[in-house]
Structure formats: structure tokens, C-alpha cells
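To start, the structure under review is shown below, and the notes come after it.
The values are calculated or read from the model by the stated rules, or taken from the named source; none is laboratory data. In this text the structure is predicted, and so the values were computed from the model without any measurement. Don't worry about glycine lacking a Cβ; one is built from the backbone with ideal geometry, like all the others, and counts go over all protein chains shown.
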Amino acid sequence: MRTTALEALARLRAGNRRFVSGTQSLGDSPFPARRAELLTGQQPLAIVLGCSDSRVPAEIVFGQGLGDLFVIRVAGNIVAPSQVESVEFAAERFATRLVVVLGHSRCGAVLATLEELQRLDEGPPRNLRSIVDRIRPSVEGLLAGGPPKNPEALVGEAVRANVRASANQLRQGSRVLEGLIEREGLLVVGAEYSLETGVVDVFDGVPEPR
């Protein structure tokens, strides 16, 4: 039976609570048995587009195990064509109905973008340029009023603005995903992982309770 988006989200939230409390287990089956179960296929309960930061492994922070998550990781959790196609593939192939864009506090890619927007030299290093260029549109408005009075708060706002932008790109930038949202109950949400507390806050795209 297919796991609905809200059921999957509830499982991720429960897993994150286990992670924060220190009582998590990585899935319900021992690894050898679970590997055997997955030989014939997979049915991940969620697709996670997250940052490549080594401190934010999606399976661990959500308390999930082998075969539970289809994870796409890229610095700054940006959305480029290959990421869109990966999400489309998993959503169509495995009937996964939840997509989570997972940012995190103190994101280095977001910080690099803010630094680039506030300086007048030659710009970001070449190996960051394409990432910074994709993050820039979502955060440059935060600097419209001049230099920030609270740089730490600015980074926090920018992390969430970047997550929202990536989630909106997935919702509105793919005919495949738009169709699945309209007809099949696909849900795209934005979330932030706190490096300080371990808590994942799902703050964007969650339907209001009826």
C-alpha cells in the first residue's frame, strides 16, 4: 500500500524526535535482512533534496534505514536540472509522494553567497560560482536595506529563503511534478535542520490541518 505524503512526513518527524532524544534506530530490520528485502526493489517513503554538508546525513537525522529515503545531496540544496530529474525519477518510478528540501543552520554555501553579495572584489572562487549564482536570487533581497545589523540572524533568514526558493522551483518548474501534485497527492515541503539542537523544523509547504 502506498505511503501518503502526510504519513511519510509523520514518520520522518517521529524519526527526528528519536534522533534528538538519542533513542533512534536506523530502521526496523537488521542490515543483512534488510539488504535481502531490497534486492528486488525499493519503495522509499520520501525523497530528500539536502545539502552535501557532512553534518546533515538525511537518513540519520530522520531516524531512517536502508531503502527508506531517496536522497539527493548538493551543496546549498540548490535545484539544477539534474536535481529536478532525480526527483522526477523517484516520484514516478517508486510512487514516492513526499519531497523534502532540507537546508540547515550555518550553511556554508549560503554564507558564501552572502559574503559575495557584500564585497566588491572578483567574486566567489570558481568552484563555488555556479552554486552561488543559484542561491543569489533567493537571498539578495535580504540585503536591500544595507549592511545587516545582525549577521547571524541574516544567515538564518537566508537559509530559509533558499530552502523556500528550492521548494518552489520543484513545485513550479517541472511539468512532471506539477502533474503529480495536482493528481497524485505529491507534497513538496521545506525544512531546516539545526546543527545546534538536531531538530528538523518543517516550515514550508505543510497543509493546514482540516
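If you go through region 75-90 and keep only what is touching a residue at least 40 places away in the same chain (Cβ under 8 Å) and farther than 18 Å from residue 186 by Cβ, you end up with 75, 76, 77, 78, 80.
Taken over region 30-64, the residue count meeting the criterion of being without any contact (Cβ under 8 Å) to a residue 40 or more places away in the chain and not in a loop (DSSP other than H, G, I, E, B) is 11.
Which of the residues belonging to region 164-189 are touching an Asp or Glu at 6+ places or on another chain (Cβ under 8 Å), farther than 22 Å from residue 18 by Cβ and either acidic (Asp, Glu) or in contact (Cβ under 8 Å) with a residue 40 or more places away in the chain (or both)? Scanning region 164-189 gives 164, 167, 174, 176, 177, 180. Residue pairs whose Cβ atoms lie under 6 Å apart, sitting 6 or more positions apart in sequence or on different chains, and linking a residue in region 135-158 that is of a type in the set (Lys, Arg) to a partner that is surrounded by 10 or more Cβ atoms within 10 Å (Cβ to Cβ), are 136/113. When region 70-109 is filtered for residues that are farther than 22 Å from residue 200 by Cα and at pLDDT 95 or above, the ones remaining, listed by number, are 84, 85, 86, 88, 89, 90, 91, 92, 93, 94, 95. The one condition from (1) over 14 Å from residue 100 (Cα atoms); (2) at pLDDT 95 or above that residue 209 does not meet is (2).
Before we move on, is residue 48 within 17 Å of residue 188 (Cβ to Cβ), β-branched (Val, Ile, Thr), in contact with a helix residue (DSSP H, G or I) (Cβ under 7 Å, 6 or more places away or on another chain) and modelled with pLDDT of 95 or more?
Numbers: within 17 Å of residue 188 (Cβ to Cβ): yes; β-branched (Val, Ile, Thr): yes; in contact with a helix residue (DSSP H, G or I) (Cβ under 7 Å, 6 or more places away or on another chain): yes; modelled with pLDDT of 95 or more: yes.
Criteria met by residue 48.
The residues of region 170-199 that are β-branched (Val, Ile, Thr) and under 28 Å from residue 54 (Cα atoms), listed by number, are 188, 189, 197, 199.
Taking into account only those residues within region 61-72 that are more than 20 Å from residue 160 (Cβ to Cβ) and within 14 Å of the chain's Cα centre (by Cα), which is surrounded by the fewest Cβ atoms within 10 Å (Cβ to Cβ)? Let's see the steps before the verdict.
Going through region 61-72, the residues more than 20 Å from residue 160 (Cβ to Cβ) turn out to be 63-71.
Checking which are within 14 Å of the chain's Cα centre (by Cα) leaves us with 69-71.
Numbers: 69: 25, 70: 23, 71: 20.
Taking the candidates together, the pick is 71.
Only a single criterion out of (1) small (Gly, Ala, Ser); (2) over 15 Å from the mean Cα position of the chain (by Cα); (3) under 19 Å from residue 160 (Cα atoms) is not satisfied by residue 75, namely (2).
Would you pick out the residues in region 80-100 that are buried (at least 23 other Cβ atoms within 10 Å of the Cβ) and within 12 Å of the chain's Cα centre (by Cα)? Can you show your working first?
At the first step, the residues of region 80-100 found to be buried (at least 23 other Cβ atoms within 10 Å of the Cβ) are 87, 91, 96-100.
Within region 80-100, 87, 98, 99, 100 meet the criteria.
Across region 29-52, the qualifying residues are those that are under 20 Å from residue 102 (Cα atoms) and among the small types (Gly, Ala, Ser), and the one among them that is surrounded by the fewest Cβ atoms within 10 Å (Cβ to Cβ) is 52.
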